[in-house]
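What follows is a short report on a single structure.
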Amino acid sequence: METFLQQLINGIVQGSMYALVALGYTMVYGIMGLINFAHGEVVMIGTMVAITVLGLLAALGVPMGLAAVLALLAAMLACMGLGWSLERIAYRPLRNAPRLTPLITAIGMSIILQNLAMMIWSRNYLSFPPIIEKVSYEVAGAHFSNVQVLIVVLAALSMAGLLLLIYRTRLGMAMRATSQNLPVARLMGVNVNRVIAAAFIIGSAMGALAGFMVGAYYEIAHYQMGFMLGLKAFTAAVLGGIGNLGGAMLGGLLLGIIEALGAGYIGDLTGGFLGSHYQDIFAFVVLIGVLMFRPSGLFGEKTGERA
Amino acid sequence: MSATHDLLLEARAVSKHFGGVKALTEVSLTIRRGEIYGLIGPNGAGKTTFFNCLTGLYVPDGGGFTFDGRPLQADAPQRAAARGIARTFQNIRLFGQMTALENVMVGRHVRTRAGVLGAILRNRATREEEAAIRRRAEELLHYVGIADRAGDLARNLSYGDQRRLEIARALATEPKLLCLDEPAAGMNGAETEELKVLIEGIRKDGTTVLLIEHDVKLVMGLCDRLAVLDYGQKICEDVPAVVQKDKRVIEAYLGEVPEDA
Amino acid sequence: MRHPVLHWLLRLPRHTAFLAVTGGAILLALPFVAMLGGQAWVRILDLAILYVFLALGLNIVVGFAGLLDLGYIAFYAVGAYTWALLASPHFGLHLPFWVILPIGALLACLFGVLLGAPTLRLRGDYLAIVTLGFGEIIRIFLNNLNAPVNITNGPQGITLIDPVKLGAFSFSSRTEIFGYTLTGPQKYYFLLLALCVLVVIINYRLQHSRIGRAWQAIREDEVAAKAVGINTRNMKLLAFAMGASFGGIAGGIYAAMQGFVSPESFSLIESIMVLAMVVLGGMGHIPGVILGAVLLAILPEALRFGVVPMQQALFGKVLVDPESLRMLIFGLALVLVMRFRPQGLWPSPERKRELLAGREGRA
């Protein structure tokens, strides 16, 4: 029971970060039907920029709290710029190309970003400076920290903000219309280019926040970290029903929980044959399972089988 | 036509809705072997939806089809084609980067069998089958009157020739029922006349034809029987002479802007 | 009596026949020429030609059927580990190659079907992500299946793998033929060349068959392909499984040739590299794919021998190591080719038209 509660807590924390990243995939997919493979790399660059800015500000003697806020803002700005440029430079010229074309481009961009990051931030693991004094709490034998609480609260707040943006503003309405039917939205006077750019920018901002959290949570970063994170976040988006914002959030949480519980119990389940370093396969099993039995996702409409 | 009164297709209370929109409401109709059957109705009446249900592109929400004596498992287009239902599309769907001949050869897919091993080994059976495919495709191009365009890419054909090519490709699957979705759309008078001759020829050679058409004149002159759809419901089914005088049909058509295709 | 090859040559137009004969002669002479530069060059040649084989296998999936497979190297890994486990001291098994190679191919094919069956009825992009994940999962298993039961020997990999052997004739040792000493890598070269010729023939024949036409039809208009009775899901699965089997075979040969496998050799970047070969050369066009494979296979060597000294001369030190430069070039190649020359460097005449048309035509 202690394991269960502990893993549940860990899962929720991890899941909120997946959810933030999943939003980036799901918004872009919902609007233009593209899996932006490079999104995981955008998140990674968010972490890296945050580390650099934190280091600089620390050297200047800026107090940690202020430095953290500035670093987060810098990471978000950098990622928004990156997301926007990705769309503008790489994807927009291919908007009318055959399906395979933008996918291959996305893979290419992902490789390029990874290697640029390696050149800039080296191929070593970088440590993410601790931002706040860590305080641990214990409830019913399970431990959680103030960092974890902060992550969940911040993620929840920003997702609520996103929902407000999507459902209460003109831009949000345009985005929803475009994701329903792009040609019609264009005919109705929606500036589709702007909507797509907005999806990339907002998704990247959420990704940067997630990147910041991942760094703060694990206190470590690496230029390849975006790959698995991206893969899992995409799985979360598919699990929740790709194109569906609420689905991505719940899918992220659910995936985090499945993964944490799976890692906690895999040893027992397989009689000690497989250990917790197989944690990464759960996301994949979930992905295959969802695609096999419910390709539209848990909360999606039945649109996954369009030819 | 010896088998005139033998049923080929029976649609029983076929319904299809999209969200709250009822595209088809309990449409029942029967098509007899060897006839040319027309399906008409104003825009948005559900004609193409009916087609898509019949050819397996949509799964109907209610009702079903009996085709050639057996129920039609209308859940996959390739199965409908294998059963002997071929179709063309309202907005022509050819394999644009393949030649006209290759398009028709693809149509032979469902009636031929060469597999990977045959393709790799190129054994005698495969070579003979391939030659037969080619021969049949050439015949069909000739049949629809575009034999001279065999080597051209489908997308480079004229509009009328593309329509013919689509019919040839459909015929290559050896259908018992050929479904044509507005084949005369965008054609001029002379082309429509030629198309009429072609469709009559197809019927004479033993294939039953289901025709969706906007061009009322063509339908009236060509079809043995007609069904009229309006707002997803069948409002009339009879021989052209009777349909033409039906009050509800006249209302349905006058209710909307007159259209000349 | 005429030999069939001679007969075929005599039927070709004169300049084609000339090209075939000189091309053949060059290919046969290549390992001897490379030997002048040392054994290492022959090994590079071997790897290049292995990549040609791999790329042609992937071409069936990406080029013919239009499916994006991002985990191709996982099937290669399956083949390599099958060989490694069945023909090495690790389990003490030493099965002959004509047993292992089919097992490796079948196993890879099986994995292909297991992955493809649930995904291929969906939109193509799902396949991309699933294969991407599969590539990583295979690596996780290879890395960790050393405890509690040691199956893969973990990150250390498996060593002392048997070479390809035909009776007493081993491909790894030296042999005297006509007074000339043939080294191991040279012998593998000819083995791989023979396999490549085979896979070229298979590619070509598939493309011009009922199956190849169906693939092309699916690529161009899936709905219309279904409407004429093509079982699109099965046809895609067929392409995917075939590609996987070729990957499995290539992996087996790779394990035998290197005598050593470890999870490190099967990372994502390898999958991307093979994909880049197909894309850069020209998807679906056999000569283009071969060109792409050769270009990208020799790229690392070119970088090592060209870029490192150049950087040292210019900056006095190596700023960018050739390995990361190579990856960057793969990424750039994918992006730039898609943007400016989607038909590849050497496209087939039809494919070129198709891609250009796709640009204008589709919404």
With criteria (1) within 18 Å of B:Glu200 (Cβ to Cβ); (2) away from every other protein chain (no Cβ under 13 Å), B:Pro175 comes up short on (2)
Sort out which residues of the range B:90-111 are surrounded by fewer than 19 Cβ atoms within 10 Å (Cβ to Cβ) and either of a type in the set (Asp, Glu) or under 14 Å from the mean Cα position of the chain (by Cα) (or both), and write them in order of number. B:Gln90, B:Asn91
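Please work out which residue is nearest to the other protein chains (Cβ to nearest Cβ), limiting yourself to the range B:153-163 and to residues that are within 19 Å of B:Gly189 (Cβ to Cβ) and more than 12 Å from the chain's Cα centre (by Cα). Show your work before the answer.
Taking the range B:153-163 and keeping what is within 19 Å of B:Gly189 (Cβ to Cβ), we get B:158-163.
From the residues that got through so far, the ones that are more than 12 Å from the chain's Cα centre (by Cα) too are B:158-162.
On the way: B:Ser158: 17, B:Tyr159: 15, B:Gly160: 19, B:Asp161: 17, B:Gln162: 12 Å.
Among those residues, the one meeting the criterion is B:Gln162.
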So, in the range C:214-241, how many residues would count as being free of Cβ contacts under 8 Å to residues at least 40 places away in the same chain, buried (at least 22 other Cβ atoms within 10 Å of the Cβ) and among the charged types (D, E, K, R)? 1
When C:Pro102 is evaluated against the numbered criteria (1) free of Cβ contacts under 8 Å to residues at least 24 places away in the same chain; (2) part of a helix (DSSP H, G or I); (3) over 22 Å from C:Ile60 (Cβ atoms); (4) out of contact with any strand residue (DSSP E or B) (no Cβ under 8 Å at 6 or more places or on another chain), which criterion, by number, is the only one it fails? (3)
Using the structure shown, decide if A:Ala156 is loosely packed, with under 15 Cβ neighbours inside 10 Å, out of contact with any helix residue (DSSP H, G or I) (no Cβ under 9 Å at 6 or more places or on another chain) and among the small types (Gly, Ala, Ser). no
Residue tally, condition under 12 Å from C:Ser271 (Cβ atoms), at the interface with another protein chain (Cβ under 7 Å from one of its Cβ atoms) and in contact with a Gly (Cβ under 7 Å, 6 or more places away or on another chain), over the range C:115-133: 1
Name the pairs: first residue in the range C:71-82 and among the polar types (S, T, N, Q), second residue surrounded by 24 or more Cβ atoms within 10 Å (Cβ to Cβ) and assigned to a helix (DSSP H, G or I), Cβ to Cβ under 7 Å, at least 6 apart or on different chains? C:Thr82/C:Ile100; C:Thr82/C:Gly104; C:Thr82/C:Gly252
Per-region count, the range B:28-53, residues in contact with a Cys (Cβ under 7 Å, 6 or more places away or on another chain) and farther than 11 Å from B:Leu229 by Cα: 3
Read through the list (1) out of contact with any strand residue (DSSP E or B) (no Cβ under 7 Å at 6 or more places or on another chain); (2) more than 14 Å from chain B (Cβ to nearest Cβ); (3) not basic (Lys, Arg), then give the number of the only condition that C:Val261 fails. (1)
Can you give me the number of residues within the range B:50-74 that are touching a residue at least 40 places away in the same chain (Cβ under 8 Å), within 13 Å of the chain's Cα centre (by Cα) and outside any loop (DSSP other than H, G, I, E, B)? 3
Would you be able to say whether some residue in the range B:75-84 is in a strand (DSSP E or B), within 15 Å of the chain's Cα centre (by Cα), more than 8 Å from chain C (Cβ to nearest Cβ) and not hydroxyl-bearing (Ser, Thr, Tyr)? no
Checking B:Gly186 against (1) within 26 Å of B:Thr99 (Cβ to Cβ); (2) crowded, with 18+ Cβ neighbours inside 10 Å; (3) modelled with pLDDT under 90, which test does it fail? (2)
Any residue that is facing another protein chain (nearest Cβ under 9 Å) and on the phi > 0 side of the Ramachandran plot - is there at least one of those in the range C:202-212? no
How many of the residues in the range B:130-144 are more than 13 Å from chain C (Cβ to nearest Cβ) and either of a type in the set (Asp, Glu) or crowded, with 20+ Cβ neighbours inside 10 Å (or both)? 4
When residues of the range C:134-176 are limited to those that are among the β-branched types (Val, Ile, Thr) and part of a helix (DSSP H, G or I), the one farthest from the other protein chains (Cβ to nearest Cβ): C:Ile138
Subset of the range B:92-129 (residues that are of a type in the set (Gly, Ala, Ser) and either part of a helix (DSSP H, G or I) or more than 8 Å from chain C (Cβ to nearest Cβ) (or both)): B:Ala100, B:Gly107, B:Gly118, B:Ala119, B:Ala125
Between a residue in the range A:125-144 that is closer than 17 Å to A:Phe4 by Cα and any residue that is assigned to a loop (DSSP other than H, G, I, E, B), which pairs come within a Cβ distance under 7 Å, given they are 6 or more apart or on different chains? none
Select from the range A:243-283 the residues that are facing another protein chain (nearest Cβ under 9 Å) and either part of a helix (DSSP H, G or I) or under 20 Å from A:Ala199 (Cβ atoms) (or both) and list them in ascending order. A:His277, A:Tyr278, A:Asp280, A:Ile281, A:Ala283
Looking at (1) crowded, with 24+ Cβ neighbours inside 10 Å; (2) on the phi > 0 side of the Ramachandran plot, which one does A:Gly40 not meet, given that it meets all the others? (2)
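The values are calculated or read from the model by the stated rules, or taken from the named source; none is laboratory data. Given the structure is predicted, the values throughout are model-derived calculations rather than measurements. Cβ: placed from backbone, ideal geometry, glycine included. Neighbour counts: every protein chain shown.
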